[in-house]
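Just so it is clear, none of the values below were taken in a lab; they were calculated from the coordinates. This one's a predicted model, so the numbers in the text were calculated from it and none came from an experiment. Backbone-built Cβ (ideal geometry, glycine too); neighbour counts: all protein chains shown.
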Amino acid sequence: MQRRPRRNRKSEAVRNLVEETQVTVKDLIFPLFLVDGQKKQIEVASMPGIYRFSIDLMLKEIEECLKLGIYSFDVFPAYPESLKNAIATESYNPETFYLRALREIKKNFPEICLMSDVAMDPYSSDGHDGLVKDGKILNDETLQILGRMSLAQADAGVDILGPSDMMDGRVGYIRNLLDDNGFTDTSIMSYTAKYASAFYGPFRDALDSAPKFGDKKTYQMNPANSKEALIEADLDMEEGADFLMVKPALSYLDIIKQLSDNYPLPIAAYNVSGEYSMIKAAAEKGWLDYDRSMNEVLLSIKRAGAKIMLTYFAKDFARKQV
Ligand code: PBG
């Protein structure tokens with residue numbers, strides 16, 4: 001007898017039978033960029049095919065996505081410099097355009113799953129995710145601002161809050177505050193293992209949110225480390241997270257796998273801006289087949305153990321399914 005693994009690849013029908021992983025539109029969350037104003041749709045230079053929308057056009061975009069079967073969205077705001085300050089007060093101003101847009105989206109589409117970003121950087125004149133004092137990023141003082149932001153977003157009707165800043169203790173702090181204020185149904189998808197990555201570059205262009213000094217290495221994780229991800233996951237579990245997220249996705253498939261093997265919570269992965277842009281750019285040059293590369297990327301992230309993927313490919317992927 002000779003082992004012949006190729007027998008299980010001999011026809012499409014057989015290959016379909018033995019196929020272990022399938023990506024569906026139901027696994028995807030589509031990140032959307034919001035700007036203030038009306039009738040604005042501005043392409044992000046470093047992310048071809050991805051736009052910053054004003055709320056009126058974002059509603060249209062969501063309607064189009066629903067027709068394609070995309071039901072989950074994560075909205076990120078791009079704030080002008082004039083509204084930023086050191087303590088990110090605009091983040092919890094109930095009349096700020098981000099919170100108004102979240103309310104509007106939920107009012108128009110109550111059936112969708114709406115996720116929001118909880119971090120100071122879009123509103124911070126320092127461009128950091130935490131309060132800055134003497135060049136240092138303060139942790140516990142930042143939590144209070146995250147708390148106010150979380151309550152404001154929960155009040156706007158958000159389904160899932162996404163604390164994305166890697167401050168210690170933020171998940172527990174936010175969970176307690178939500179519960180004490182009656183928002184027991186508002187979920188938390190923790191950015192559990194978020195690495196200090198070069199692959200966020202295009203996102204920071206989209207939001208004009210690059211740090212004004214230094215880098216994010218005192219709070220985001222070192223790409224060299226995997227054990228710390230287990231510490232972070234332990235804490236997020238204890239603190240009451242509903243989902244654990246790994247970010248970026250492609251260079252961190254081992255981390256996704258470790259969390260998925262060791263934790264019973266659903267694992268999400270953020271297939272970040274740079275991971276989208278590099279495939280878009282190569283495809284535009286004719287160096288890669290866009291659809292096949294996109295499919296392979298999403299498949300590999302799911303195979304590694306992520307049930308949920310936040311991805312700028314969502315719309316292109318969904319278009320191919322209908
Ligand atoms: C910041 C935040 C970032 C992303 C999501 N939330 C960037 C950063 O940490 O600088 C990156 C997403 C992407 O690159 O697609 N709160």
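Measure off 7 Å from each Cα along the Cα-to-Cβ vector at D215 and L17, then give the distance between these two points in nanometres to one decimal.
For the pair D215/L17, the computed spacing is 5.1 nm.
Mind checking the angle between helix 140-155 and the chain's longest principal axis? C-alpha axes, 0 to 90 degrees, to the nearest 10.
80 degrees
Between S82 and E61, what's the calculated FRET efficiency when r is the beta-carbon distance and R0 is 25 Å? Round to 0.05. Don't skip to the answer; put the middle values down first.
On the way: r = 26 Å, r/R0 = 1.03.
Calculated transfer efficiency: 0.45.
Within the range 4-80, report the GluC sites (Glu not before Pro) that DSSP leaves as loop and that have at most 15 other Cβ atoms within 10 Å.
E19, E20
So for the pair D185, A224, with labels modelled 7 Å out along Cα→Cβ, what separation do we get in nm?
4.8 nm
Could you tell me the distance between the Cα centroids of the range 154-202 and the range 33-110, to the nearest Å?
Value for the Cα centre distance between the two parts: 18 Å.
If each residue of separation counts as 0.36 nm, what is the full-extension length gain between D291 and S125 once their alpha-carbon separation is subtracted?
55.9 nm
Per residue Cα convex hull volume for the chain, in cubic angstrom?
That works out to 155 Å³ per residue.
Tell me which trypsin sites (Lys or Arg not before Pro) from the range 1-98 have a DSSP coil assignment and no more than 10 other beta carbons within 10 Å of their own.
Those satisfying the criteria are R3, K10, K39.
Going by Cα centres, the range 260-322 and the range 1-30 are how many Å apart?
So the separation of the two Cα centres works out to 18 Å.
About its Cα centre, how strong a charge dipole does the range 1-160 have in debye, to the nearest 20, once Lys and Arg get +1 and Asp and Glu get -1 at the Cβ?
Details: 21 positive and 25 negative charges, 250 e Å.
About 1200 debye.
Compute the angle between helix 97-108 and the longest alpha-carbon principal axis of the chain, please, reported from 0 to 90 degrees and rounded to the nearest 10.
Compared with the principal axis, the helix lies near 50 degrees.
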